[in-house]
Each structure stands twice: as C-alpha cells, then as structure tokens.
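The values are calculated or read from the model by the stated rules, or taken from the named source; none is laboratory data. Nothing here was measured: the structure is a model prediction, and the numbers come from that model. Counting neighbours? That spans all protein chains shown, and the Cβs are built from the backbone with ideal geometry, glycine included.
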C-alpha cells in the first residue's frame, strides 16, 4: 500500500490518536539525544582543560574539544575566548553561548629538569684577635 495525498487528508481514528499519545509519553523527544548537558559549575580553562572537561561546556562536543586541544598544542596558549573563532566550524553565534563557561588562565607550568640555583653558603667572619 502506498501513501497518497488522499490518505493524508483523512482524520485519524481514535485508536491511532491513542497510539500516538502513548508512544509520545513512553518516548519523549528528550530521550532521543536532544537532552541538554549540565554545564560546568566553574568556568573551564581553555589552556589547561582536557578534552573531557571541554565537552562539559554546552556547544562543545568531542570533535570541537579535540580541535581546541590540538590548536593549543600547535599554537600555544589561548589569549582570549575569542581565539576559538579560528577553529573551523565554531562561529560567533555558537561562541556567544559559551563565554560564561570558559576562561583563559595561565597554562600549567611545566616542570623544570634543572634544579633551582642555590645561593652560596654564608661565610662567617672570624676575628683573629683573642
């Protein structure tokens, strides 16, 4: 049986309406992947965050988080949240929703392999007079 325009104009039977209502209650639209993620409580630092931490920000998924981490590795630390506009697929409209969840702090300090310089030991002055 093919679907025709005539079929579309027919009113739905009570049984069909009931079926649609039950299905809608059992499977609400939010259960089909349209759920909103809970935003992070504190802003995420673009210069230190992992991919998983970045994905907590609304509007950032796995692909975008990977691009952010890669950009940071390639070009160094971000100076502002607006630097994200350089990422392909991340435009101004999408970025408008993110600033309150993002921050740009100092990058994590790398551990130095050389120990800090020690000051020479203090020399006591001796008097030769008894």
Subset tally (residues that are in a helix (DSSP H, G or I) and closer than 16 Å to residue 51 by Cβ) for region 83-103: 2
Qualifying residue in region 66-82 (condition: in a helix (DSSP H, G or I), modelled with pLDDT under 90 and in contact with a helix residue (DSSP H, G or I) (Cβ under 7 Å, 6 or more places away or on another chain)): no
Residue list for region 54-65, restricted to those being assigned to a helix (DSSP H, G or I) and buried (at least 16 other Cβ atoms within 10 Å of the Cβ): 54, 64, 65
Neighbours by Cβ (under 9 Å, 6+ apart or cross-chain): first from region 73-84, without any contact (Cβ under 8 Å) to a residue 40 or more places away in the chain; second part of a loop (DSSP other than H, G, I, E, B) and surrounded by fewer than 12 Cβ atoms within 10 Å (Cβ to Cβ): 77/106
Selection status of residue 44, surrounded by 15 or more Cβ atoms within 10 Å (Cβ to Cβ), more than 19 Å from residue 91 (Cβ to Cβ) and modelled with pLDDT of 90 or more: yes
